[in-house]
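Novice: The structure is given below, and queries will be raised subsequently.
Computed from the coordinates by the stated procedures, all read-outs in this text should not be read as laboratory data. As the structure is a prediction and not an experimental result, all values here were calculated from the model. Cβ: placed from backbone, ideal geometry, glycine included. Neighbour counts: every protein chain shown.
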Amino acid sequence: MSLKSMEYWVLAQLILELGLIALVVFSLWKIRSWYRNILAQQAELPSREEITKMTELAGVLEEKRRSLEELLALMDQKAAALQKKLARAAGSGAQTYTPAEAPSPWENGASLRSQVENLFRQGCSTDEIARRLQLNLAEVKMALDLSKARPR
């Protein structure tokens, strides 16, 4: 082999090695960016302790929602009983006041809470809802709070 052809082979070998070095550097740069992306995604995820705590809090909230639902059902029953007593008192000759705008909330079959929610969605104020349904303002607010706490 001549010296000239040797120089070409060395030059070709040098070019190939530089290309290989560039490929290795590019690969390492890509791996590094993937690793950073993975770390960023893991940082956004809640830890196991946080997930456990959130699960416990969700359980507590669900228990409270159930108890409030039971209380609301009990209040509906008591209100229906009071309405019956009022009707009996009206039948016995005592004068009572019943608004002509809306029927008694317990007569149309819908639950009291759903009636409150419907009126609220229609844009009625809490005072207006209480007046229409013959309820205490606190009862209307509690029904609205329950509807907000309920999962949809």
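Novice: Take residue 76 and residue 6, extend 7 Å from each Cα along the Cα→Cβ direction, and tell me the distance between the two endpoints in nm.
Specialist: So the label points at residue 76 and residue 6 sit 10.0 nm apart.
Novice: Here's another thing I want to ask about it. What order, most packed first, do the peptides 78-89, 31-42 have when packing is the mean number of other Cβ atoms within 10 Å of each residue?
Specialist: Top of the packing list down: 78-89, 31-42.
Novice: Counting other beta carbons within 10 Å of each residue's own, what order do 76, 127 fall into, fewest first?
Specialist: 127, 76
Novice: Report the extension gain between residue 141 and residue 51 in nm, rounded to one decimal, defined as 0.36 nm multiplied by the number of residues separating them, less their alpha carbon distance.
Specialist: Residue separation times 0.36 nm, minus the Cα-Cα distance, leaves 29.2 nm.
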